[in-house]
1. For the stretch 39-52, take each phi angle, set θ = phi - 60°, evaluate the Karplus expression 6.51 cos²θ - 1.76 cosθ + 1.60, and give the result in whole Hz per residue in order, putting x for glycine and proline.
2. In the stretch 77-93, which residues have a backbone nitrogen under 13 Å from the label point lying 7 Å from residue 46's Cα in the Cα-to-Cβ direction?
3. Hey, what's the per residue convex hull volume over the C-alpha atoms of the chain, in cubic angstrom?
4. Using a 1.4 angstrom probe, figure out how much accessible area the chain has per residue, in square angstrom, rounded to the nearest whole.
5. Consider a paramagnetic label point 7 Å from the Cα of residue 36 along Cα→Cβ; state which residues of the stretch 45-70 have an amide N under 17 Å from it.
6. Which angle from 0 to 90°, rounded to the nearest 10, does the C-alpha axis of helix 78-87 make with the longest principal axis of the chain?
7. Quickly work out the residue 73-to-residue 12 label distance, labels modelled 7 Å from Cα along the C-beta direction, and quote it in nm with one decimal.
8. Which order do the peptides 36-42, 73-79, 84-90 come out in when sorted by mean C-beta neighbours inside 10 angstrom, highest first?
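The values are calculated or read from the model by the stated rules, or taken from the named source; none is laboratory data. Please read these numbers as outputs of a predicted model, since none were measured by experiment. Virtual Cβ from ideal backbone geometry, glycine too; neighbours counted across all protein chains shown. Quick note on the areas: whole protein, heavy atoms, side chains included, nothing else; ligands and nucleic acids left out. Shrake-Rupley method; radii C 1.70, N 1.55, O 1.52, S 1.80 Å.
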Amino acid sequence: MNVICLEEEAFHSLIEEVVKRMSAKVSIVEQEADWKWISDVQAMELLKIKSKTTLQELRDNGEVRFSQPRKKIILYDRDSINEYLERHARETF
């Protein structure tokens, strides 16, 4: 086991750097939540599915909008995914 000793000033500098980096990451995540076009991974996360085949079926059946700016890049419309989820929502009793 290794023990690392830091002077108080170095310790506080380290903590400030960690907080700064974590704040930057939170900011990026918040910005991504505002993006209209999202990746397949993000779309699958929103839909709570694990299969790219299921995502492709939704795309092929016109259930969710998508854009294909390049041959191997497919982006999904966040709003259409939310609309799809709303269409399949069930009311509680």
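1. Values, residue by residue: 6, 4, 5, 5, 4, 5, 5, 4, 7, 6, 10, 10, 9, 5 Hz.
2. Zone members listed by number: 77-87.
3. Value for the chain: 234 Å³ per residue.
4. Counting only protein heavy atoms, the per-residue value for the chain is 88 Å².
5. 64-70
6. The helix 78-87 is inclined about 60 degrees to the chain.
7. Rounded to a tenth, the inter-label distance reads 4.6 nm.
8. 73-79, 36-42, 84-90
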